[in-house]
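The values are calculated or read from the model by the stated rules, or taken from the named source; none is laboratory data. Remember, predicted model here, so these are calculated numbers, not experimental data. For neighbour counting, all protein chains shown are included, and Cβ atoms are generated from backbone atoms with ideal geometry for every residue, glycine included. Accessible surface is based on the protein model in full, side chains and every heavy atom, while ligands, DNA and RNA are left aside. Shrake-Rupley method; radii C 1.70, N 1.55, O 1.52, S 1.80 Å.
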Amino acid sequence: MSYTLGIDSSTQSCSAIVIDPAAGKVVAEASVNFGERLPKYGAPSGFIPDGADGEVHSDPRMWLDALELMLEELGGKCDLSQVVAVSGAGQQHGSVYLNERWPGVVASLNASSPLAEQLGPCLARETSPIWMDGSTTVECREIADAVGGDREVCVRSGSIAIERFTGPQIRRFSKIDPEGYAATTRIHLVSSFLCSVLCGTDAPIDTGDGAGMNLLNLGNWDWDEVLLEATADGLRDRLPAVVQGDHVAGSVCGYFQKRFGFGADVPVTVFTGDNPSSLVGMGASTPGKVVVSLGTSDTFFAAMPEVLSDPDGCGHVFGNPSGGSMSLQCFINGSLAREAVKDRFGMGWDEFSAALASTPEGNGGKVMVPFFRPEISPRTESSEPVLVGGGDFESWKEPEAAVRACVEGQFINMRSRTRWMKLETEVIYLTGGASQNDEVAQVAADVFGAKVQRLVVSSSVALGGAMRAACSSLGASLTELEAVFCKADEAGTISPRGGSDYAANEEAFEAAIG
Ligand SMILES: Nc1ncnc2c1ncn2[C@@H]1O[C@H](COP(=O)(O)OP(=O)(O)O)[C@@H](O)[C@H]1O
Ligand SMILES: O=C(CO)[C@@H](O)[C@H](O)COP(=O)(O)O
(Lines give C-alpha, C1' and ligand atoms only; values in the text may rest on other atoms or scores of the structure.)
(Ligands and ions follow the chains in the order given, each with its own letter.)
Protein backbone atom coordinates (compact mmCIF):
# COMPACT_ATOMS: atom_id res chain seq x y z
CA MET A 1 0.00 0.00 0.00
CA SER A 2 1.32 3.43 -0.95
CA TYR A 3 -0.76 6.31 0.28
CA THR A 4 -0.46 10.03 -0.30
CA LEU A 5 -1.61 12.66 2.18
CA GLY A 6 -3.07 16.11 1.45
CA ILE A 7 -3.42 18.73 4.19
CA ASP A 8 -5.73 21.78 4.10
CA SER A 9 -5.24 24.55 6.66
CA SER A 10 -8.02 26.97 5.73
CA THR A 11 -9.74 29.78 7.63
CA GLN A 12 -11.88 27.69 9.97
CA SER A 13 -10.30 24.26 10.09
CA CYS A 14 -7.36 21.98 9.43
CA SER A 15 -8.40 18.95 7.38
CA ALA A 16 -6.71 16.13 5.53
CA ILE A 17 -7.32 13.28 3.16
CA VAL A 18 -5.29 10.12 2.61
CA ILE A 19 -5.67 8.46 -0.77
CA ASP A 20 -4.32 5.33 -2.38
CA PRO A 21 -3.56 6.65 -5.88
CA ALA A 22 -2.83 3.25 -7.44
CA ALA A 23 -6.02 1.68 -6.09
CA GLY A 24 -8.06 4.82 -6.83
CA LYS A 25 -9.42 4.92 -3.28
CA VAL A 26 -9.95 7.41 -0.51
CA VAL A 27 -8.44 5.79 2.60
CA ALA A 28 -9.33 8.26 5.37
CA GLU A 29 -10.28 11.85 6.14
CA ALA A 30 -10.01 13.98 9.29
CA SER A 31 -10.84 17.56 10.23
CA VAL A 32 -10.32 19.82 13.23
CA ASN A 33 -12.38 22.99 13.51
CA PHE A 34 -10.28 25.74 15.15
CA GLY A 35 -13.13 27.45 16.99
CA GLU A 36 -14.70 24.28 18.33
CA ARG A 37 -11.59 22.33 19.28
CA LEU A 38 -9.23 25.12 20.29
CA PRO A 39 -11.40 27.72 22.08
CA LYS A 40 -8.40 28.96 24.06
CA TYR A 41 -7.30 30.96 21.00
CA GLY A 42 -10.48 33.08 21.15
CA ALA A 43 -11.20 32.56 17.43
CA PRO A 44 -14.69 31.02 17.07
CA SER A 45 -14.59 31.35 13.27
CA GLY A 46 -10.83 30.87 12.92
CA PHE A 47 -9.81 34.50 13.43
CA ILE A 48 -9.66 36.86 16.42
CA PRO A 49 -12.80 39.02 16.21
CA ASP A 50 -13.08 42.79 16.66
CA GLY A 51 -9.55 43.75 15.58
CA ALA A 52 -8.83 47.49 15.52
CA ASP A 53 -8.58 49.48 12.26
CA GLY A 54 -9.71 46.61 10.04
CA GLU A 55 -7.11 44.16 11.39
CA VAL A 56 -8.05 40.49 11.25
CA HIS A 57 -5.46 38.18 12.78
CA SER A 58 -5.11 34.53 13.77
CA ASP A 59 -2.62 32.87 16.08
CA PRO A 60 -0.19 30.63 14.17
CA ARG A 61 0.08 28.42 17.28
CA MET A 62 -3.58 27.55 16.74
CA TRP A 63 -2.73 26.24 13.25
CA LEU A 64 0.06 24.13 14.76
CA ASP A 65 -2.13 22.71 17.54
CA ALA A 66 -4.82 21.90 14.99
CA LEU A 67 -2.31 20.17 12.72
CA GLU A 68 -1.31 17.90 15.60
CA LEU A 69 -4.91 17.18 16.66
CA MET A 70 -5.85 16.47 13.07
CA LEU A 71 -2.91 14.07 12.53
CA GLU A 72 -3.77 12.25 15.78
CA GLU A 73 -7.33 11.80 14.54
CA LEU A 74 -6.12 10.70 11.09
CA GLY A 75 -3.64 8.24 12.63
CA GLY A 76 -6.59 6.61 14.39
CA LYS A 77 -8.25 6.01 11.02
CA CYS A 78 -5.36 4.78 8.87
CA ASP A 79 -1.76 3.65 9.09
CA LEU A 80 0.33 6.77 8.51
CA SER A 81 3.47 4.66 8.04
CA GLN A 82 1.99 3.75 4.62
CA VAL A 83 2.08 7.40 3.50
CA VAL A 84 4.78 7.77 0.83
CA ALA A 85 4.25 11.39 -0.23
CA VAL A 86 2.64 14.51 1.23
CA SER A 87 1.57 17.96 0.13
CA GLY A 88 -0.97 20.53 1.23
CA ALA A 89 -2.31 24.04 1.23
CA GLY A 90 -2.99 27.02 3.45
CA GLN A 91 -5.52 29.84 3.42
CA GLN A 92 -4.03 32.43 1.07
CA HIS A 93 -2.26 35.71 1.89
CA GLY A 94 -1.81 35.17 5.68
CA SER A 95 1.75 35.77 6.87
CA VAL A 96 3.90 34.41 9.71
CA TYR A 97 6.80 36.54 11.02
CA LEU A 98 9.76 34.58 12.41
CA ASN A 99 12.91 35.57 14.26
CA GLU A 100 16.50 34.36 14.21
CA ARG A 101 15.66 31.32 16.34
CA TRP A 102 13.45 29.86 13.61
CA PRO A 103 15.98 27.98 11.43
CA GLY A 104 17.57 26.24 14.43
CA VAL A 105 14.32 25.36 16.19
CA VAL A 106 12.48 24.09 13.12
CA ALA A 107 15.45 21.88 12.22
CA SER A 108 15.57 20.23 15.65
CA LEU A 109 11.96 19.79 16.76
CA ASN A 110 11.73 17.65 19.86
CA ALA A 111 8.98 15.02 19.78
CA SER A 112 8.39 15.27 23.51
CA SER A 113 6.76 18.71 23.46
CA PRO A 114 4.05 20.28 21.27
CA LEU A 115 4.94 22.24 18.14
CA ALA A 116 3.27 25.43 19.40
CA GLU A 117 5.37 25.40 22.57
CA GLN A 118 8.63 25.00 20.66
CA LEU A 119 7.85 27.36 17.78
CA GLY A 120 6.07 30.06 19.83
CA PRO A 121 9.40 31.68 20.83
CA CYS A 122 10.32 31.89 17.12
CA LEU A 123 7.47 34.33 16.37
CA ALA A 124 8.63 37.90 15.79
CA ARG A 125 4.95 38.88 15.62
CA GLU A 126 2.56 37.18 18.03
CA THR A 127 -0.32 36.89 15.58
CA SER A 128 -0.67 36.69 11.81
CA PRO A 129 -2.73 38.99 9.60
CA ILE A 130 -4.98 36.83 7.42
CA TRP A 131 -6.90 37.31 4.17
CA MET A 132 -9.82 39.11 5.87
CA ASP A 133 -7.56 41.94 7.08
CA GLY A 134 -8.39 45.31 5.52
CA SER A 135 -6.05 47.54 7.50
CA THR A 136 -3.55 48.42 4.76
CA THR A 137 -5.32 50.90 2.48
CA VAL A 138 -2.62 53.53 3.13
CA GLU A 139 0.17 51.05 2.42
CA CYS A 140 -1.53 49.93 -0.81
CA ARG A 141 -1.55 53.54 -1.98
CA GLU A 142 2.10 54.01 -0.97
CA ILE A 143 3.21 50.90 -2.86
CA ALA A 144 1.19 51.82 -5.96
CA ASP A 145 2.54 55.39 -5.92
CA ALA A 146 6.13 54.18 -5.56
CA VAL A 147 5.79 51.74 -8.46
CA GLY A 148 3.94 54.07 -10.85
CA GLY A 149 0.28 53.37 -10.16
CA ASP A 150 -2.15 50.49 -9.73
CA ARG A 151 -1.96 49.45 -13.36
CA GLU A 152 1.80 48.93 -13.05
CA VAL A 153 1.39 46.87 -9.86
CA CYS A 154 -1.23 44.79 -11.68
CA VAL A 155 0.90 44.26 -14.77
CA ARG A 156 3.76 43.07 -12.59
CA SER A 157 1.93 41.01 -9.98
CA GLY A 158 -1.47 40.10 -11.48
CA SER A 159 -3.44 42.27 -9.02
CA ILE A 160 -3.48 45.92 -8.04
CA ALA A 161 -2.19 46.60 -4.51
CA ILE A 162 -4.77 44.81 -2.35
CA GLU A 163 -5.28 45.22 1.41
CA ARG A 164 -5.19 41.53 2.32
CA PHE A 165 -2.19 40.73 0.13
CA THR A 166 1.03 39.98 1.96
CA GLY A 167 3.20 42.79 0.58
CA PRO A 168 0.99 45.62 1.89
CA GLN A 169 0.65 43.69 5.18
CA ILE A 170 4.43 43.47 5.49
CA ARG A 171 4.79 47.17 4.75
CA ARG A 172 2.29 48.04 7.49
CA PHE A 173 4.10 45.83 10.00
CA SER A 174 7.43 47.44 9.14
CA LYS A 175 5.85 50.86 9.78
CA ILE A 176 3.84 50.18 12.95
CA ASP A 177 6.43 47.95 14.59
CA PRO A 178 9.89 48.70 13.18
CA GLU A 179 11.54 46.76 16.01
CA GLY A 180 9.39 43.72 15.32
CA TYR A 181 10.23 43.98 11.63
CA ALA A 182 13.94 44.33 12.42
CA ALA A 183 13.70 41.15 14.54
CA THR A 184 12.01 39.32 11.66
CA THR A 185 14.44 37.19 9.70
CA ARG A 186 11.91 35.16 7.72
CA ILE A 187 8.34 35.81 6.53
CA HIS A 188 6.29 32.81 5.51
CA LEU A 189 2.83 32.36 4.08
CA VAL A 190 0.52 30.01 5.98
CA SER A 191 1.24 27.40 3.31
CA SER A 192 5.04 27.67 3.37
CA PHE A 193 5.09 27.94 7.20
CA LEU A 194 3.25 24.64 7.63
CA CYS A 195 5.29 22.99 4.88
CA SER A 196 8.47 24.13 6.66
CA VAL A 197 7.31 22.66 9.97
CA LEU A 198 6.41 19.36 8.34
CA CYS A 199 9.83 19.16 6.67
CA GLY A 200 11.83 20.57 9.58
CA THR A 201 13.46 23.02 7.21
CA ASP A 202 12.81 26.44 5.74
CA ALA A 203 10.53 25.66 2.77
CA PRO A 204 10.04 27.76 -0.38
CA ILE A 205 6.84 29.50 -1.51
CA ASP A 206 5.10 28.17 -4.62
CA THR A 207 3.94 30.37 -7.48
CA GLY A 208 0.26 29.61 -6.76
CA ASP A 209 0.27 31.16 -3.30
CA GLY A 210 3.20 33.52 -3.94
CA ALA A 211 1.15 35.41 -6.52
CA GLY A 212 -1.18 36.54 -3.72
CA MET A 213 1.45 38.81 -2.21
CA ASN A 214 1.82 41.74 -4.67
CA LEU A 215 5.49 40.79 -4.70
CA LEU A 216 5.82 38.16 -7.41
CA ASN A 217 6.42 39.06 -11.05
CA LEU A 218 4.15 37.11 -13.38
CA GLY A 219 6.62 37.54 -16.25
CA ASN A 220 9.27 35.30 -14.68
CA TRP A 221 7.40 33.93 -11.63
CA ASP A 222 10.07 35.27 -9.27
CA TRP A 223 10.28 38.11 -6.74
CA ASP A 224 9.92 41.50 -8.41
CA GLU A 225 12.74 43.82 -7.33
CA VAL A 226 10.66 46.97 -7.89
CA LEU A 227 7.78 45.69 -5.78
CA LEU A 228 10.14 44.44 -3.05
CA GLU A 229 11.80 47.84 -2.94
CA ALA A 230 8.45 49.65 -2.78
CA THR A 231 7.22 47.41 0.03
CA ALA A 232 9.83 47.31 2.80
CA ASP A 233 13.58 47.61 3.39
CA GLY A 234 15.56 44.39 3.32
CA LEU A 235 12.55 42.35 2.24
CA ARG A 236 14.23 40.02 -0.21
CA ASP A 237 16.44 38.52 2.52
CA ARG A 238 13.38 37.86 4.63
CA LEU A 239 11.53 35.88 1.96
CA PRO A 240 12.06 32.25 1.01
CA ALA A 241 12.76 31.24 -2.60
CA VAL A 242 9.91 30.90 -5.09
CA VAL A 243 9.42 27.54 -6.82
CA GLN A 244 6.95 25.88 -9.19
CA GLY A 245 4.21 23.74 -7.67
CA ASP A 246 5.87 20.41 -8.41
CA HIS A 247 8.98 21.17 -6.37
CA VAL A 248 9.79 18.79 -3.52
CA ALA A 249 10.58 20.91 -0.46
CA GLY A 250 12.03 18.18 1.75
CA SER A 251 10.87 15.10 3.62
CA VAL A 252 8.66 14.58 6.66
CA CYS A 253 10.92 15.36 9.63
CA GLY A 254 11.71 13.26 12.70
CA TYR A 255 9.12 15.02 14.86
CA PHE A 256 6.25 13.71 12.75
CA GLN A 257 7.90 10.31 12.34
CA LYS A 258 8.09 9.87 16.11
CA ARG A 259 4.76 11.47 17.03
CA PHE A 260 2.52 10.13 14.27
CA GLY A 261 4.36 7.13 12.79
CA PHE A 262 5.36 8.54 9.38
CA GLY A 263 8.16 6.63 7.68
CA ALA A 264 11.64 8.00 6.95
CA ASP A 265 12.30 9.83 3.65
CA VAL A 266 8.68 10.68 2.83
CA PRO A 267 8.87 13.53 0.28
CA VAL A 268 6.85 16.70 0.84
CA THR A 269 5.82 18.65 -2.26
CA VAL A 270 5.76 22.40 -1.68
CA PHE A 271 2.41 23.57 -0.24
CA THR A 272 0.22 26.02 -2.17
CA GLY A 273 -2.77 28.28 -1.48
CA ASP A 274 -6.14 26.72 -0.69
CA ASN A 275 -7.75 27.95 -3.91
CA PRO A 276 -4.94 26.78 -6.24
CA SER A 277 -5.04 23.43 -4.44
CA SER A 278 -8.80 23.26 -4.88
CA LEU A 279 -8.32 23.90 -8.61
CA VAL A 280 -6.38 20.63 -8.75
CA GLY A 281 -8.75 18.75 -6.42
CA MET A 282 -11.77 19.79 -8.50
CA GLY A 283 -10.15 18.36 -11.65
CA ALA A 284 -10.00 21.86 -13.10
CA SER A 285 -6.28 22.35 -13.56
CA THR A 286 -6.55 22.62 -17.34
CA PRO A 287 -8.66 25.49 -18.77
CA GLY A 288 -12.34 24.75 -19.38
CA LYS A 289 -13.87 24.29 -15.93
CA VAL A 290 -15.24 27.00 -13.66
CA VAL A 291 -15.06 26.38 -9.90
CA VAL A 292 -17.04 28.23 -7.23
CA SER A 293 -15.92 27.64 -3.66
CA LEU A 294 -18.32 28.51 -0.84
CA GLY A 295 -15.92 28.34 2.12
CA THR A 296 -15.46 31.18 4.59
CA SER A 297 -14.87 33.29 1.50
CA ASP A 298 -16.82 32.70 -1.68
CA THR A 299 -14.43 32.41 -4.60
CA PHE A 300 -14.88 31.97 -8.35
CA PHE A 301 -11.87 30.68 -10.25
CA ALA A 302 -10.63 28.90 -13.34
CA ALA A 303 -7.38 27.81 -14.97
CA MET A 304 -6.58 30.19 -17.83
CA PRO A 305 -4.90 29.54 -21.18
CA GLU A 306 -2.99 32.80 -20.70
CA VAL A 307 -2.56 35.37 -17.94
CA LEU A 308 -5.79 37.37 -17.65
CA SER A 309 -6.14 40.12 -15.04
CA ASP A 310 -9.19 42.19 -14.09
CA PRO A 311 -9.36 45.67 -15.70
CA ASP A 312 -11.49 46.83 -12.72
CA GLY A 313 -8.72 45.84 -10.33
CA CYS A 314 -10.74 43.58 -7.98
CA GLY A 315 -9.77 40.21 -9.43
CA HIS A 316 -6.50 38.31 -9.28
CA VAL A 317 -4.09 36.07 -11.15
CA PHE A 318 -2.41 33.27 -9.22
CA GLY A 319 -0.06 30.53 -10.37
CA ASN A 320 -1.74 27.27 -11.34
CA PRO A 321 0.07 24.51 -9.40
CA SER A 322 0.05 22.40 -12.57
CA GLY A 323 1.68 25.17 -14.63
CA GLY A 324 0.39 28.42 -16.13
CA SER A 325 -2.05 30.62 -14.27
CA MET A 326 -5.54 30.83 -12.83
CA SER A 327 -7.83 33.84 -12.48
CA LEU A 328 -9.80 34.30 -9.26
CA GLN A 329 -12.36 36.61 -7.73
CA CYS A 330 -12.80 36.54 -3.95
CA PHE A 331 -15.83 37.70 -1.94
CA ILE A 332 -15.33 38.35 1.76
CA ASN A 333 -19.09 38.21 2.51
CA GLY A 334 -19.46 34.50 1.85
CA SER A 335 -20.43 31.92 4.46
CA LEU A 336 -20.24 34.37 7.35
CA ALA A 337 -22.84 36.60 5.64
CA ARG A 338 -25.15 33.62 5.10
CA GLU A 339 -24.61 32.73 8.76
CA ALA A 340 -25.41 36.30 9.84
CA VAL A 341 -28.81 36.15 8.09
CA LYS A 342 -29.49 32.66 9.46
CA ASP A 343 -28.61 33.75 12.99
CA ARG A 344 -30.58 36.98 12.76
CA PHE A 345 -33.76 34.90 12.41
CA GLY A 346 -32.66 32.20 14.87
CA MET A 347 -32.65 29.61 12.08
CA GLY A 348 -30.66 26.42 11.64
CA TRP A 349 -29.37 25.39 8.19
CA ASP A 350 -32.49 23.27 7.65
CA GLU A 351 -34.74 26.29 8.15
CA PHE A 352 -32.43 28.40 6.01
CA SER A 353 -32.78 25.80 3.23
CA ALA A 354 -36.54 25.63 3.71
CA ALA A 355 -36.72 29.42 3.30
CA LEU A 356 -34.93 29.12 -0.04
CA ALA A 357 -37.20 26.30 -1.12
CA SER A 358 -40.37 28.22 -0.26
CA THR A 359 -39.55 31.45 -2.11
CA PRO A 360 -39.65 32.12 -5.88
CA GLU A 361 -36.72 32.74 -8.22
CA GLY A 362 -36.12 36.46 -8.41
CA ASN A 363 -37.80 36.90 -5.01
CA GLY A 364 -40.43 39.25 -6.42
CA GLY A 365 -37.71 41.87 -6.96
CA LYS A 366 -36.46 41.80 -3.36
CA VAL A 367 -32.69 41.78 -3.28
CA MET A 368 -30.01 42.19 -0.63
CA VAL A 369 -26.56 43.67 -0.88
CA PRO A 370 -25.30 41.22 1.76
CA PHE A 371 -22.19 43.07 2.91
CA PHE A 372 -21.93 42.53 6.66
CA ARG A 373 -18.28 43.64 6.54
CA PRO A 374 -16.64 45.90 3.95
CA GLU A 375 -16.64 43.92 0.71
CA ILE A 376 -13.58 43.43 -1.52
CA SER A 377 -15.52 42.55 -4.71
CA PRO A 378 -16.56 45.27 -5.33
CA ARG A 379 -14.67 47.40 -2.84
CA THR A 380 -17.13 49.01 -0.45
CA GLU A 381 -16.81 50.59 2.97
CA SER A 382 -20.21 49.70 4.39
CA SER A 383 -20.68 46.96 6.97
CA GLU A 384 -24.48 47.20 6.95
CA PRO A 385 -26.37 45.02 4.49
CA VAL A 386 -28.85 46.86 2.27
CA LEU A 387 -32.34 45.48 1.54
CA VAL A 388 -34.09 46.64 -1.62
CA GLY A 389 -37.60 45.63 -2.58
CA GLY A 390 -40.16 47.16 -0.32
CA GLY A 391 -42.20 47.24 2.85
CA ASP A 392 -41.78 44.59 5.52
CA PHE A 393 -38.77 43.15 3.77
CA GLU A 394 -36.78 46.34 4.17
CA SER A 395 -37.50 46.35 7.90
CA TRP A 396 -36.20 42.74 8.16
CA LYS A 397 -39.66 41.37 8.85
CA GLU A 398 -39.77 38.73 6.12
CA PRO A 399 -37.28 36.00 7.09
CA GLU A 400 -37.80 33.76 4.05
CA ALA A 401 -37.49 36.63 1.58
CA ALA A 402 -34.39 37.91 3.39
CA VAL A 403 -32.69 34.51 3.15
CA ARG A 404 -33.36 34.28 -0.59
CA ALA A 405 -32.39 37.94 -1.11
CA CYS A 406 -29.05 37.27 0.60
CA VAL A 407 -28.11 34.18 -1.40
CA GLU A 408 -29.39 35.58 -4.71
CA GLY A 409 -27.57 38.84 -3.97
CA GLN A 410 -24.33 36.94 -3.44
CA PHE A 411 -24.58 35.08 -6.75
CA ILE A 412 -25.81 38.15 -8.67
CA ASN A 413 -22.75 39.99 -7.39
CA MET A 414 -20.52 37.04 -8.28
CA ARG A 415 -21.96 36.90 -11.82
CA SER A 416 -21.33 40.62 -12.38
CA ARG A 417 -17.87 40.75 -10.85
CA THR A 418 -16.54 37.77 -12.82
CA ARG A 419 -17.61 38.80 -16.35
CA TRP A 420 -14.06 40.03 -16.96
CA MET A 421 -12.94 36.39 -17.12
CA LYS A 422 -15.13 35.92 -20.23
CA LEU A 423 -15.89 32.30 -19.34
CA GLU A 424 -18.65 30.14 -20.72
CA THR A 425 -20.31 28.90 -17.56
CA GLU A 426 -22.38 25.96 -18.75
CA VAL A 427 -21.35 23.97 -15.70
CA ILE A 428 -20.26 25.31 -12.34
CA TYR A 429 -18.23 22.97 -10.15
CA LEU A 430 -19.18 23.79 -6.59
CA THR A 431 -17.08 23.11 -3.48
CA GLY A 432 -16.57 24.43 0.09
CA GLY A 433 -18.70 24.02 3.23
CA ALA A 434 -21.89 25.62 1.87
CA SER A 435 -21.77 23.67 -1.40
CA GLN A 436 -23.38 20.69 0.34
CA ASN A 437 -26.56 22.75 0.73
CA ASP A 438 -28.76 21.79 -2.24
CA GLU A 439 -30.89 24.91 -2.00
CA VAL A 440 -27.86 27.20 -2.07
CA ALA A 441 -26.56 25.18 -5.03
CA GLN A 442 -29.95 25.63 -6.76
CA VAL A 443 -29.66 29.42 -6.44
CA ALA A 444 -26.18 29.27 -7.97
CA ALA A 445 -27.58 27.26 -10.90
CA ASP A 446 -30.52 29.65 -11.36
CA VAL A 447 -28.51 32.88 -11.24
CA PHE A 448 -25.73 31.65 -13.54
CA GLY A 449 -28.15 29.74 -15.77
CA ALA A 450 -25.73 26.83 -15.53
CA LYS A 451 -25.73 23.26 -14.32
CA VAL A 452 -24.13 22.85 -10.87
CA GLN A 453 -22.10 19.81 -9.98
CA ARG A 454 -20.44 18.75 -6.76
CA LEU A 455 -17.77 16.05 -6.68
CA VAL A 456 -18.06 12.70 -4.93
CA VAL A 457 -14.97 13.65 -2.89
CA SER A 458 -15.96 17.02 -1.44
CA SER A 459 -12.71 18.03 0.31
CA SER A 460 -11.17 19.50 -2.82
CA VAL A 461 -8.36 21.49 -1.16
CA ALA A 462 -6.95 18.49 0.72
CA LEU A 463 -7.54 16.21 -2.27
CA GLY A 464 -5.57 18.62 -4.46
CA GLY A 465 -2.65 18.23 -2.03
CA ALA A 466 -2.79 14.43 -2.10
CA MET A 467 -2.97 14.45 -5.92
CA ARG A 468 -0.10 16.91 -6.27
CA ALA A 469 2.03 14.76 -3.95
CA ALA A 470 1.26 11.68 -6.06
CA CYS A 471 2.22 13.48 -9.29
CA SER A 472 5.44 15.12 -8.19
CA SER A 473 6.81 12.36 -5.95
CA LEU A 474 5.39 9.15 -7.43
CA GLY A 475 5.21 10.18 -11.09
CA ALA A 476 1.44 9.65 -11.22
CA SER A 477 -0.46 11.18 -14.14
CA LEU A 478 -2.67 14.12 -13.12
CA THR A 479 -5.13 13.31 -15.92
CA GLU A 480 -5.51 9.76 -14.65
CA LEU A 481 -5.89 10.88 -11.04
CA GLU A 482 -8.54 13.43 -12.06
CA ALA A 483 -10.48 10.72 -13.90
CA VAL A 484 -10.58 8.59 -10.76
CA PHE A 485 -10.79 11.07 -7.87
CA CYS A 486 -12.61 14.07 -9.35
CA LYS A 487 -15.82 12.36 -10.44
CA ALA A 488 -18.98 14.43 -10.37
CA ASP A 489 -21.71 13.28 -8.01
CA GLU A 490 -24.17 12.80 -10.88
CA ALA A 491 -27.11 12.12 -8.56
CA GLY A 492 -26.55 15.54 -7.01
CA THR A 493 -26.46 17.49 -10.30
CA ILE A 494 -28.65 20.58 -10.16
CA SER A 495 -30.07 22.19 -13.30
CA PRO A 496 -31.11 25.83 -13.70
CA ARG A 497 -34.87 26.34 -13.61
CA GLY A 498 -34.93 29.40 -15.89
CA GLY A 499 -37.63 31.23 -13.96
CA SER A 500 -35.78 34.55 -13.96
CA ASP A 501 -32.82 36.07 -15.80
CA TYR A 502 -32.10 38.21 -12.72
CA ALA A 503 -31.55 41.27 -14.93
CA ALA A 504 -33.89 43.50 -12.90
CA ASN A 505 -32.45 42.30 -9.60
CA GLU A 506 -28.93 42.87 -10.90
CA GLU A 507 -29.88 46.40 -11.90
CA ALA A 508 -31.32 47.03 -8.42
CA PHE A 509 -28.20 45.54 -6.84
CA GLU A 510 -25.84 47.70 -8.90
CA ALA A 511 -27.90 50.80 -8.13
CA ALA A 512 -27.76 50.01 -4.42
CA ILE A 513 -23.95 49.65 -4.38
CA GLY A 514 -23.69 52.92 -6.28
N1 LIG B 1 -25.70 23.20 5.49
C2 LIG B 1 -25.02 24.31 5.24
N3 LIG B 1 -25.56 25.28 4.50
C4 LIG B 1 -24.90 26.42 4.21
N5 LIG B 1 -23.65 26.65 4.66
C6 LIG B 1 -23.04 25.71 5.41
C7 LIG B 1 -23.68 24.51 5.74
N8 LIG B 1 -22.80 23.78 6.48
C9 LIG B 1 -21.68 24.51 6.62
N10 LIG B 1 -21.80 25.68 5.98
C11 LIG B 1 -20.83 26.79 5.90
O12 LIG B 1 -19.56 26.31 5.59
C13 LIG B 1 -18.61 27.22 6.14
C14 LIG B 1 -17.27 26.54 6.29
O15 LIG B 1 -16.84 26.14 5.04
P16 LIG B 1 -15.37 25.57 4.84
O17 LIG B 1 -15.22 25.27 3.39
O18 LIG B 1 -15.12 24.47 5.79
O19 LIG B 1 -14.51 26.85 5.27
P20 LIG B 1 -12.95 27.12 5.22
O21 LIG B 1 -12.37 26.17 4.21
O22 LIG B 1 -12.85 28.55 4.82
O23 LIG B 1 -12.41 26.90 6.61
C24 LIG B 1 -19.21 27.64 7.48
O25 LIG B 1 -18.83 28.98 7.80
C26 LIG B 1 -20.71 27.48 7.25
O27 LIG B 1 -21.35 28.75 7.14
O1 LIG C 1 -8.38 35.54 0.07
C2 LIG C 1 -8.73 34.50 -0.47
C3 LIG C 1 -8.40 34.23 -1.89
O4 LIG C 1 -7.77 35.31 -2.51
C5 LIG C 1 -9.50 33.47 0.32
O6 LIG C 1 -10.19 32.61 -0.53
C7 LIG C 1 -8.60 32.71 1.27
O8 LIG C 1 -7.74 31.85 0.56
C9 LIG C 1 -9.41 31.95 2.33
O10 LIG C 1 -10.07 30.86 1.78
P11 LIG C 1 -11.22 30.01 2.50
O12 LIG C 1 -10.74 29.66 3.88
O13 LIG C 1 -12.46 30.83 2.46
O14 LIG C 1 -11.31 28.79 1.62
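At a glance:
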item	result
Accessible surface of region 392-466 [probe 1.4 Å, protein heavy atoms]: carbon and sulfur percent	42 percent
Along the chain, longest interval not containing exposed GluC sites (Glu not before Pro), exposed being DSSP loop plus at most 16 other Cβ atoms within 10 Å	127-305
Region 3-275, relative contact order [Cα under 8 Å, separation at least 6], %	21 percent
Unit charges on C-beta of K, R, D, E only; dipole of the chain, Debye	680 debye
Those trypsin sites (Lys or Arg not before Pro) in region 395-446 that DSSP places in a loop and that have at most 11 other beta carbons within 10 Å	Lys397, Lys422
Within the accessible area of region 3-275 (1.4 Å probe), percent carbon and sulfur	47 percent
Global form of region 3-275, assessed from the alpha-carbon gyration tensor, a/c cut-off 1.5	prolate
Rounded, prolate or oblate (a/c below 1.5 giving rounded, otherwise prolate when a/b exceeds b/c) for region 450-514 by Cα gyration tensor	prolate
Residue-normalised accessible area of region 5-146, given per residue in Å² at a 1.4 Å probe	35 Å²
Ranked order, Asp310, Asp489, Asp50 - accessible area, probe 1.4 Å, largest first	Asp50, Asp489, Asp310
Separation of alpha-carbon centers, region 156-182 and region 460-514, rounded to whole Å	31 Å
Residue-averaged [θ]222 nm for the chain, counting only DSSP H segments that reach four residues, each worth -39500 (n - 2.57)	-10500 deg cm²/dmol
Rel. contact order, % - alpha carbon contacts under 8 angstrom, at least six apart, the chain	16 percent
Overall form of region 146-216 per C-alpha gyration tensor (a/c, 1.5; a/b vs b/c)	oblate
Solvent-accessible area per residue for region 177-306 (1.4 angstrom probe, square angstrom)	29 Å²
